[in-house]
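Colleague: Attaching a single structure in structure tokens format; questions to follow.
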Amino acid sequence: MSKIVITRRTALLGAGAIAAPFVITTGFAQTGPIKLAGLVSLTGSGSPFGPNSRLAHQAVVDEVNAAGGLLGRKIEYLAEDDQTNAEAGIRAARKLIDVDKVAAIMSVWASAVGTAVLPLCWENKVMMLAISAADSIAALPHQGYFVRTQPHTELQGKEFGRFALALGAKNLYLMMPQTPFTETVFKSIRETVEPKGVKVASVIFDGKKTSFRSEVDEMMRANPDLLMMGGYQAENIVMAKDLFRANFKGKIMGFAFGITPAFIEAAGKEAAEGMYGVVEPSPAGGSAAYGRLKALVKRDTLDTYICQAYDHANLAILAMAKGKEGSGSAIKDNIRKIANNDSAMKVDNAIDGLKAIAEGKEIKYAGASGPCKFSDIGNIIEVAFRTTQVKDGKLVEMKI
């Protein structure tokens, strides 16, 4: 097993080395690279976010390699497009696992893909660090080879319910395509609002349709004061146009991942005006990790998904360093040791974390997406949500 090698100068600095740059010998071991992969949505409904996840992964890997790599070895990053589709995701995951021999698959976005691919991961001792939110995924017998930084859908449904109550809704209508998390979201919303006297009706629609006029007409007959337009971006664009043509006057809320600048442009400023984007985890906007990521990817603003992807890469690298092995099992066994230990030294990037681990220190990673603490089944524990609203064709963060 290769070990991180600290230069003689760094070793002689002793305690003063804490303030000095972390220098590792640049010669990589000949045992081959440690491979990490992004299984990301470059096409399909998740395509607004997949390219950014890939960008964040690569930025972290490049930074670590420039500092000497991990455990004396170079990290190799690979990315495959899951097409936001379970079948394509399985094909891509099989390549990454069977051919490329990756230690981790990172930033799976769609719950259908996460559900399909996770069995391949645990059977092959490959760690999945996911964004996929369906509650059912964490309930799979994944043997610990799964964590996610995205809040699971029961939490999201409750947040939708709280938001509906804050808006003063009395007659709520829920519209969502069939997904692995639709029923969970509906159930959580109902449990939150119905005890407060809110009337709730719902419909599950076929997301592949080119028009939702019949569903909109049915909703209009119910005369709700608040509509949950719960589709992905592509479905929301079509539905928003149908709602505008139907002259719907009630308030509209939806998943923040479906109400984006690209959605506003495609649906039209007038159709999108006033809509609320809900249950988006709030990145740690004021943190050093957020600022570091902005500099790495050369962006002025960052959404939660690029922040989560950045944290996935850092977590995987630091967990392997903690376990002194470049494997999925090392990530599984050590990720909570470097993420849940609130009494340890705080770090927000792999470079500082690797330095601390090499010095024998315990670390607590918290990153650009916020605190990264995981339950026994892999769910994120601490989450801060934010809400946006379309105002004059722009998304504006707001508080209710």
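The values are calculated or read from the model by the stated rules, or taken from the named source; none is laboratory data. The model shown is predicted, which means the values in this text are computed figures rather than measured ones. Positions of Cβ are generated from backbone atoms using ideal geometry, with glycine treated the same way; all protein chains shown enter the neighbour counts. These area figures cover heavy atoms from the full protein model, side chains too; ligands, DNA and RNA do not enter into them. Shrake-Rupley method; radii C 1.70, N 1.55, O 1.52, S 1.80 Å.
Colleague: Multiplying the sequence separation of Thr43 and Gln143 by 0.36 nm and subtracting their Cα-Cα distance, what value in nm do you get?
Modeller: 33.0 nm
Colleague: Using the Cβ atoms and a cut-off under 14 Å, what net charge is assigned to the surroundings of Gly277, where Lys and Arg are +1 and Asp and Glu are -1?
Modeller: With Lys, Arg at +1 and Asp, Glu at -1, the neighbours total 0.
Colleague: Are there any trypsin sites (Lys or Arg not before Pro) in segment 200-264 that are in a DSSP loop and have at most 16 other Cβ atoms within 10 Å? List them by number.
Modeller: Lys208, Lys209, Lys249
Colleague: Additional query: Would you mind telling me the share, in percent, of accessible area of the chain contributed by carbon and sulfur at probe 1.4 angstrom?
Modeller: 51
Colleague: Next up: Considering the Cα trace of the chain, what is its radius of gyration and what is Dmax, both in angstroms?
Modeller: Gyration radius and largest Cα-Cα distance of the chain: 22.2, 77 Å.
Colleague: Which FRET efficiency value, to the nearest 0.05, is calculated for Glu270 and Lys298 with the Förster distance at 35 angstrom and r the Cβ-Cβ distance?
Modeller: For Glu270 and Lys298, the calculated efficiency is 0.55.
Colleague: How high is the FRET efficiency from Ser375 to Arg245, r the C-beta distance, R0 51 Å, rounded to 0.05?
Modeller: Between Ser375 and Arg245 the formula returns 0.70.
Colleague: Only Cα pairs within less than 10 Å get springs; with that Gaussian network setup on the chain, which residue of Asn236, Asn85, Asn171 has the largest fluctuation?
Modeller: Result for the chain, Cα springs under 10 Å: Asn171 fluctuates most.
Colleague: Right, here's the next one. Which pairs break 20 Å Cα to Cα here: Lys125/Lys322; Lys125/Lys355; Lys332/Lys373; Lys101/Lys373; Lys322/Lys373?
Modeller: Lys125/Lys355; Lys101/Lys373
Colleague: Follow-up. Calculate the translational D of segment 120-243 in whole µm² s⁻¹ from Stokes-Einstein, where the hydrodynamic radius comes from the Kirkwood formula applied to all Cα pairs, the temperature is 37 °C and the viscosity 0.692 mPa s.
Modeller: 207
Colleague: Accessible area per residue of the chain at 1.4 Å probe, in Å²?
Modeller: Accessible surface, normalised per residue, equals 40 Å².
Colleague: Could you list the GluC sites (Glu not before Pro) in segment 57-163 that lie in coil according to DSSP, counting only those with at most 14 other Cβ atoms within 10 Å of their Cβ?
Modeller: Filter output for segment 57-163: empty list.
Colleague: What number, rounded to the nearest 500 deg cm²/dmol, is the helix-based mean residue ellipticity at 222 nm of the chain, given -39500 (n - 2.57) per DSSP H run of at least four residues and division by all its residues?
Modeller: Theoretical 222 nm ellipticity from helices: -12000 deg cm²/dmol.
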